[in-house]
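Only the coordinates and a few stated rules stand behind these numbers; no lab work does. All values derive from a computational prediction rather than experimental measurement. When we count neighbours, we look across all protein chains shown, and the Cβ atoms used for this are built from the backbone with ideal geometry, even at glycine.
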Amino acid sequence: MNRLAQEKSPYLLQHKDNPVNWYPWGQEALQKAKKEDKPIFLSIGYSTCRWCHNMNRESFQDEEVAEILNKYFVPIKVDREERPDLDKVYITFAEALTGYAGWPLTVFLTPDEKPFFAGTYFTKRSQKNSIGLIELLNKIKDLWQKRKEEIIKDSNNILEEVDRKFNRIRKGNIDEDIFNKTLEELENSFDEIYGGFTKAPKFPLPQYILFLLVYGWNLNHEKALSMAEFTLESMYKGGLFDHVGFGFYRYSTDEKWLVPHFEKMLYDNALLGIVYTKAYEITGKALYKEIAEKIYKFVLGELTSDGGAFYSALDAETEGEEGKYYLFTYDEIIDLLGEELGEFYCRYYNISKEGNFEGKNIPNLIGKKLEDISRQDKAILDSLRDMILTYREERIKPHRDEKILISWNGLMIASLAYGGRIFNRDLFIRKAREAAEFIIENSIDQDGKLLSIHIDGESYNYGFLEDYAYFTLGLLTLYDVVGDEKYLNIAKKLIHDMIDLFWDEKDKGMFYYSDISERLILRPKDIYDGATPSGNAIGAMVLNKLYRILRDESLYEKFRELLMAYGKDLSENPTSHIYSILALMNFSL
């Protein structure tokens with residue numbers, strides 16, 4: 001075992017038996033790099049990351065790779081979900097240096113933590129036009145030995161350029177026509193055939209759909225509503241949704257939502273729960289209620305801890321094979337259900353002898369008209385699904401990442417509380433309260449500071465902006481639903497703390513990590529929406545929400561200041577800031 005055996009992160013523990021002499025990020029590793037004058041090999045990933053698993057099996061478990069890393073580098077392994085601040089800083093460099101980034105993220109640093117080379121997944125050996133890890137390590141080792149001063153100079157230049165170009169936000173007034181401009185951009189990118197807003201790979205992008213629902217409802221805009229509804233139904237019909245065990249996978253690898261990346265994340269299901277609930281609230285269509293309730297059933301059944309808080313994710317693979325747990329052959333279904341019922345189920349869920357994914361089948365409803373099925377047939381299909389789920393659960397299950405992230409829990413608390421109110425489901429509200437109570441009890445320290453992560457009975461790491469913003473969104477939504485002043489008072493304190501800890505007095509807006517967190521080589525601001533909302537966007541949302549409860553004008557002034565701190569960026573690129581635009585629209589759960 002290496003030093004990672006003493007860590008709590010599930011991702012770091014996956015690498016504890018590597019022959020690579022891994023260090024966690026910290027003073028021991030950083031001082032070693034300076035003392036021995038060695039470059040740092042920084043590898044960032046997370047425990048349910050498919051390509052992280054591949055690189056681990058192929059390279060980090062390999063003695064030849066380990067020998068080079070241990071001799072010439074200081075190898076550091078980071079869980080991006082445990083240290084999102086490190087990930088945010090170094091992925092910014094990767095995007096600046098290469099034009100793209102992802103995980104596993106591979107970055108070479110000087111002993112002063114400044115990057116000079118970045119990439120993502122590397123095979124062990126070079127292949128055609130791509131360099132392999134062994135060749136790359138040897139090249140960088142030689143460059144460090146022969147041209148170290150040049151590398152250090154370049155790294156300083158890179159740091160200055162990235163800070164100047166990629167870590168500056170542009171303040172200004174927000175375009176008066178921003179809502180119509182956003183709609184126009186979404187119309188231009190909309191896929192009329194399959195729904196959604198990108199080509200393959202296709203992500204759910206719940207913020208796009210949420211904007212269209214709110215805009216369409218407020219202005220009685222049929223096109224906005226139809227784009228939202230067509231996308232919601234297409235995503236559900238496809239293999240992106242698990243029609244056996246429920247919940248949404250991470251994204252679709254194809255344009256028609258059939259073949260997913262089989263990873264299931266808490267935040268995706270929290271945000272999609274909000275969107276389908278909003279769609280039901282606006283349209284009254286039973287399908288959206290059914291889908292939202294299935295999302296919540298999955299989360300409560302598969303991602304809920306004994307203490308009531310929510311785990312992070314389910315892996316995409318089992319036994320080294322992506323999707324193995326979720327796929328079925330035609331013969332399997334027939335053998336399990338019998339000829340008549342088996343063929344009925346296969347016909348409805350598009351399961352064939354040839355298969356639709358590597359000879360096996362992803363159950364899906366593509367091409368089906370859901371309104372045409374009778375109640376009797378639906379009841380039969382539901383009972384057959386229960387049989388198939390029981391059968392599936394006997395397989396080796398995907399790894400579950402059991403760390404509790406306060407930010408993602410905040411989103412799920414908000415989602416469940418909102419769903420509980422709209423669907424009149426006490427269970428959802430009760431589960432939202434249990435999660436909130438767990439965090440209040442376990443993840444606020446003696447000084448009242450929010451901590452970002454909880455594993456095995458211990459909470460640690462000072463909270464990041466998204467922890468404060470998302471958790472207060474959850475608390476304020478709960479307060480709206482149950483009227484308990486306790487949640488309002490805690491939210492009020494956390495929002496004031498958020499301003500104290502993250503606010504940039506000079507240029508306005510909020511930094512990603514706080515005044516009391518470890519200071520890194522950059523202090524970025526999170527303004528763009530990615531797979532999760534930007535911290536500043538949800539920060540604006542909760543400031544506005546609290547203002548409307550308390551009518552404290554200083555809160556509204558801070559809300560305006562915050563959005564105008566990146567008003568020029570927002571106006572020029574609205575679809576990258578849709579949660580901020582929703583805050584401008586006074587959107588509220």
For SER47, which sequence-distant residues (separation of 5 or more, or a different chain) have an amide H within less than 5 Å of its own amide H, given hydrogens modelled in the peptide plane? TYR11
Residue-count net charge about ARG425 - beta-carbon cut-off 12 Å; Lys, Arg +1, Asp, Glu -1: +3
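Can you tell me the order of 61-70, 382-391, 17-26 when each peptide is scored by its average per-residue count of other Cβ atoms within 10 angstrom, highest first? Provide the component values of the computation, followed by the final result.
Working: 61-70: 16.9, 382-391: 14.0, 17-26: 18.9.
Sorting 61-70, 382-391, 17-26 by mean packing, highest first, produces 17-26, 61-70, 382-391.
With charges set only on the Cβ (+1 for Lys and Arg, -1 for Asp and Glu), what does the dipole of the chain come to about its Cα centre, in debye to the nearest 20?
Details: 76 positive and 97 negative charges, 160 e Å.
Charge dipole, the chain, about its Cα centre: 780 debye, nearest 20.
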With θ taken as phi - 60° and the coefficients 6.51, -1.76 and 1.60, list the Karplus ³J(HN,Hα) couplings across region 469-476 in order, rounded to whole Hz; mark glycine and proline as x. 5, 5, 5, 5, 4, x, 5, 5
Ordering of 253-260, 413-420, 33-40 by packing [mean C-beta count within 10 Å, highest first]: 413-420, 253-260, 33-40
I'd like the projected area of the chain, averaged over all directions, using the convex hull of its alpha carbons. Report it in nm² with one decimal. 27.1
Proximal charge balance of GLU281 [Cβ under 11 Å; K/R count +1, D/E count -1]: +4
Using a 7 Å offset from the Cα along the Cα-to-Cβ direction at both ARG3 and LYS285, what is the distance between the two label points in nm, to one decimal? 5.5
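One-quarter of the Cα convex hull surface for region 294-346, in nm²?
Numbers: hull surface 21.6 nm².
Average of the hull's projected areas for region 294-346 equals 5.4 nm².
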How many angstrom lie between the Cα centre of region 83-119 and the Cα centre of region 241-284? 30
In whole Å, what is the distance between the alpha-carbon centres of region 517-537 and region 147-180? 14
Give the span of region 3-165's Cα atoms along each principal axis, as three whole-Å numbers ordered largest to smallest. 36, 36, 30
So if I take the alpha carbon set of region 321-392, get Rg, then get Rh from the Kirkwood formula, what is the Rg over Rh ratio? 0.95
Using +1 at the C-beta of Lys and Arg and -1 at the C-beta of Asp and Glu, which of ASN129, VAL244, ASN424 has the Cα lying farthest in the positive direction of the dipole of the chain? ASN129
Provide the FRET efficiency to the nearest 0.05 for the ILE516-ASN21 pair, computing r from the beta carbons and using R0 = 45 Å. 0.90
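Can you list the trypsin sites (Lys or Arg not before Pro) in region 536-574 that are in a DSSP coil and have 10 or fewer other beta carbons within 10 angstrom? Walk me through the intermediate numbers first.
On the way: sites: LYS545, ARG548, ARG551, LYS558, ARG560, LYS568; in loops: ARG551.
Sites meeting the loop and neighbour criteria: ARG551.
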Once Lys and Arg are counted +1 and Asp and Glu -1 for all other residues with Cβ under 11 Å from that of ASP480, the total becomes +2
Choose one of THR575, LEU501, LEU405: the residue whose Cα lies farthest towards the positive end of the charge dipole of the chain (beta-carbon charges +1 Lys, Arg; -1 Asp, Glu; about the Cα centre). LEU501
